[in-house]
Each structure stands twice: as structure tokens, then as C-alpha cells.
1. So which of V108, V135 is in contact (Cβ under 8 Å) with a residue 24 or more places away in the chain, assigned to a helix (DSSP H, G or I), more than 18 Å from L189 (Cα to Cα) and β-branched (V, I, T)?
2. So which of Y154, Y181 is touching an Asp or Glu at 6+ places or on another chain (Cβ under 8 Å) and over 29 Å from G68 (Cβ atoms)?
3. For V145, work out the one condition from (1) out of contact with any helix residue (DSSP H, G or I) (no Cβ under 8 Å at 6 or more places or on another chain); (2) at pLDDT below 95; (3) not small (G, A, S) it doesn't fulfil.
4. Picking from I133, I137, which residue would you name as being within 20 Å of E52 (Cβ to Cβ) and crowded, with 16+ Cβ neighbours inside 10 Å?
5. How many residues, within segment 147-185, are outside any helix (DSSP H, G or I) and in contact with a Leu (Cβ under 9 Å, 6 or more places away or on another chain)?
6. Got at least one residue in segment 92-104 being among the aromatic types (F, W, Y) and more than 23 Å from A23 (Cβ to Cβ)?
7. State yes or no: is P48 at pLDDT below 95 and within 21 Å of M134 (Cα to Cα)?
Amino acid sequence: MSTMMNTKQRGNERIGGALSVRALTVIAMLAGLATVLMLYEIPLWFAPYFYELDFSEVPVLIGAFALGPVAGIIIEAVKILLNLVINGTDTVGVGEFANFLIGCSLVVPAAVIYQKKKSFQSAVIGLATGTIIMVLIGSILNAFVLLPVYAYFYGAPLNALIDIGTEVNPAIQNLSTFIFYAVAPFNLLKGVLVSVITILLYKRLSSVIKSFTK
């Protein structure tokens with residue numbers, strides 16, 4: 001009995017007074033799953049080929065709901081870093097950092113709202129709020145960071161990227177319409193789909209996560 005209690009205590013030891021060893025194990029598993037999901041991308045009919053949908057935010061949101069927003073940030077960061085190791089970078093990490101911020105703009109507000117009152121309604125409100133914030137942050141970062149950075153590192157004018165968008169979606173004629181007709185709908189669609197999947201899966205997985213991390 002004493003040995004079993006000691007083993008459980010060791011499993012629940014706190015690191016830096018914040019997360020237990022078991023919680024960190026769950027975080028690592030969710031980050032690994034998120035990294036795998038990030039490799040499977042779905043092209044969209046209204047956006048250029050370099051905007052593809054993935055569902056890697058689902059494990060991040062599940063971890064953030066179960067363990068708090070800090071855990072969500074860690075999972076998001078590890079996911080981006082692992083993807084960076086696997087696929088490398090064309091932008092010296094600038095694009096990856098921007099994608100980290102965009103992911104956090106969905107995950108953190110959703111988790112903060114849900115943690116205040118853990119209910120279905122607060123989960124929906126949190127995910128809806130996070131999606132709106134992600135659309136806004138994603139639009140700003142794409143307009144002023146991501147698109148200019150990609151144009152610079154690919155040695156092409158920004159208009160060349162806009163022209164690629166025009167070929168797919170004739171409504172895209174300049175940077176503003178690129179953001180309005182491609183970037184914003186992309187992040188909105190991603191936020192909605194990821195939110196729906198998270199809501200469907202969370203209740204089934206949260207009890208497992210919580211029982212393991214106790």
C-alpha cells in the first residue's frame with residue numbers, strides 16, 4: 001500500500017509548481033498527435049494552395065480544456081517546434097512563430113472562458129470567441145507578417161502571391177480582398193470545424209485525461 005501511494009505521489013509531483021509529471025505526459029502525447037494531424041492537410045476551393053486545412057488544433061484544445069490554457073500554449077508550441085524539425089522552415093522561423101500566435105489566439109481565449117465555468121454553454125462561447133479572435137489575428141498577421149515574409153523569402157513581389165489567389169478566386173484582386181476572401185474564410189472555417197470536433201470528443205476524453213492526471 002505504501003509503495004503504491006509513493007508511486008502515485010511521484011506521478012503527481014509538481015514541476016515548477018504548475019504541472020504534474022502525469023500532466024506533462026498527457027501534454028507530450030497530445031502534442032505528438034497534433035503534430036501528426038498537422039501533416040495531413042486539405043486544400044480549399046476558395047484559397048491558394050498554401051492555405052490548407054488541418055485539424056491539429058483539436059488535441060491542443062482538448063488539452064487546454066482539460067489542463068488549462070498554459071497547457072494549451074505548451075502543446076501548441078511543441079506542435080510547431082516538432083513540425084519545424086520535420087518539415088524545416090522557409091522563413092527562418094518567422095512563419096512558424098506567426099502560426100503559433102494564430103493557434104494560441106483560438107486556444108487561449110476558448111480555454112480561459114471554459115475554465116471559469118466548465119459547462120457546455122461556456123465551451124461553445126469560448127470556442128466561438130476564440131474563432132472570432134483567430135479570424136482577426138490571422139487576418140492581421142497574414143496581411144502584415146506572413147504574406148510579406150513569404151514574398152521576401154521566395155524572392156517574389158507580394159503581388160505574385162495575390163495573383164496566385166486570383167487564379168483560384170477571381171474576387172481576389174489586391175491584399176485587402178485576399179484577406180477578406182481567402183484568409184478570413186479559411187480561419188473561420190477552420191475555427192468552426194475544429195470547435196465542432198472538439199465539442200464532440202472532449203467529454204469522452206476529458207474523464208480519461210483527468211483520471212490519469214489526478
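The values are calculated or read from the model by the stated rules, or taken from the named source; none is laboratory data. Keep in mind the model is a prediction, meaning the values are calculated, not measured. Note: ideal-geometry Cβ built from the backbone for every residue, glycine included; neighbour counts use all protein chains shown.
1. Going through V108, V135 in turn, the sole match is V108.
2. Y154
3. Result: V145 fails condition (1) only.
4. I137
5. Within segment 147-185, residues that are outside any helix (DSSP H, G or I) and in contact with a Leu (Cβ under 9 Å, 6 or more places away or on another chain) number 1.
6. Checked against the condition, which is being among the aromatic types (F, W, Y) and more than 23 Å from A23 (Cβ to Cβ), segment 92-104 yields at least one hit.
7. Against the criterion (at pLDDT below 95 and within 21 Å of M134 (Cα to Cα)), P48 qualifies.
Okay, residues lined up against (1) among the polar types (S, T, N, Q); (2) more than 23 Å from F97 (Cβ to Cβ); (3) touching a residue at least 60 places away in the same chain (Cβ under 8 Å):
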| position | (1), (2), (3) |
| --- | --- |
| Y154 | no, no, yes |
| L158 | no, no, no |
| P170 | no, yes, no |
| L188 | no, no, no |
